[in-house]
1. Any idea how many residues of the stretch 303-317 are in a helix (DSSP H, G or I) and open to solvent by 60 Å² or more (accessible area, probe 1.4 Å)?
2. I want to confirm something. Restricting to the stretch 95-128 and keeping residues that are within 29 Å of the chain's Cα centre (by Cα) and of a type in the set (S, T, N, Q), which single residue is farthest from Ile216 (Cα to Cα)?
3. Given the structure, is Ile243 touching a helix residue (DSSP H, G or I) at 6+ places or on another chain (Cβ under 7 Å), without any contact (Cβ under 8 Å) to a residue 60 or more places away in the chain and either buried (at least 19 other Cβ atoms within 10 Å of the Cβ) or among the polar types (S, T, N, Q) (or both)?
4. Taking only the stretch 149-165 into account, find how many residues are within 24 Å of Lys219 (Cβ to Cβ) and out of contact with any Phe, Trp or Tyr (no Cβ under 7 Å at 6 or more places or on another chain).
5. Name the pairs: first residue in the stretch 95-121 and over 19 Å from Lys147 (Cβ atoms), second residue among the aromatic types (Phe, Trp, Tyr) and assigned to a strand (DSSP E or B), Cβ to Cβ under 7 Å, at least 6 apart or on different chains?
6. Among the residues of the stretch 214-240, write down those that are buried (at least 16 other Cβ atoms within 10 Å of the Cβ), closer than 25 Å to Thr61 by Cβ and of a type in the set (Gly, Ala, Ser).
7. Here is a list: Ile336, Ile288, Ile252. Which entry is surrounded by 13 or more Cβ atoms within 10 Å (Cβ to Cβ) and closer than 30 Å to Asp223 by Cα?
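The values are calculated or read from the model by the stated rules, or taken from the named source; none is laboratory data. Since this is a predicted model, take the numbers as computed values, not measurements. Note that we place each Cβ from the backbone using ideal geometry, even for glycine, and neighbour counts take in every protein chain shown. All accessible areas refer to the heavy atoms of the entire protein, side chains included, with ligands and DNA or RNA removed. Shrake-Rupley method; radii C 1.70, N 1.55, O 1.52, S 1.80 Å.
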Amino acid sequence: LKDNILFTKVERLVSSRNLKPKKKEGFLRIISIFSFFLIMLGVAILIIVLSVLNVFTTELTNKILGLNPHIVIQPNGFKIDEKYITKIKNNFTDISVSKTYSGEGIIINNEQAKGIILKGINSEEKKIKEFLKKSIVSGDVKKFKKKNIFIGSELAFNLNLDEGDKINLMSSAFVATPLGSLPKQENFNIAGIFNTGFVEFDQNIIFLTTEDALSIFDKDTKDQNLEIYLKDPLEANSYKKKIEKLNKNYFIYTWSDLNKSFFSALKVERNVMFIILTLIIIVAAFNIISGLTILIKNKTKEIAILKTLGLNNSSIKKTFFLTGFTIGFFATISGIILGIIFSSNI
């Protein structure tokens, strides 16, 4: 029965005595305390920093996904027919599919002009509806219809626009006139203003109906893109590979493809921070080892007495191992608790 016990009562007793150095071993006590606090702080900082980075990445991802579909299928010269759409819906029952079109244009107001992205959307699509309800600061989703648009708050501020104003939009498509080819222009009414929290998006994107987008770019329904929304956006690349097998004629890309360099940088930063903070914990662990080394040197007489009393070498090694393990274990637990409490209240 004794052989099956990890640490015997004697080993635990000797280890507990080692954790309480005598007054003349004050230096050893200081090393133990420093080792404890270094590991505790190292673990706590590791949890806090990684928590902050994860939350930042999650919030950023949610904001980006609020504007972008998870997967986009472009015609690439081939028409996206209903048969193909039905095939996708039958193969992937947990996705949402909608047709759309977007392109570059210019907004003109009171002798001011600015380049923008014109994005045609279907306001009835579940994900788009949720995004609009969450982001609109002025106006109503119900007003989003033909010849009505939603603009970003930064764009509205820069051009001094407000809900109900009329503006002129110019697309990159050219139409033939008696004066020659001119960019196509149409007038629209501002039905609402949205704010995503991202300045780049809020000052560069205008939402309009898919019909208006096709009209201003002089395109047909066959030129529409297919946008797919998933339950789990992180599975986008997996779905992309499966969808590509259904028809290789179309060009398919995911939201992560559009932001690959940015998210790669975040991933590298998170990994580097993990390595640096882990090194702090390793340094603290070496402090425990150095402390145990000094402890063993100071306990040579006690070790000789224990061996005389019948304690073997293995048991003596286990007592010192238990001493170091106890310091490391309770320091880690304390660090985890401290890290969680701090992260929860940031």
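1. Here the count works out to 6.
2. Looking at residues that are within 29 Å of the chain's Cα centre (by Cα) and of a type in the set (S, T, N, Q), I get Ser96.
3. Answer is no for this residue.
4. Total satisfying the criteria: 2.
5. Taking only residues 6 or more apart or on different chains, the pairs are Ile95/Tyr229; Ser96/Tyr229.
6. Matches in the stretch 214-240: Ala236 only.
7. After ruling out the rest, the residue left standing is Ile252.
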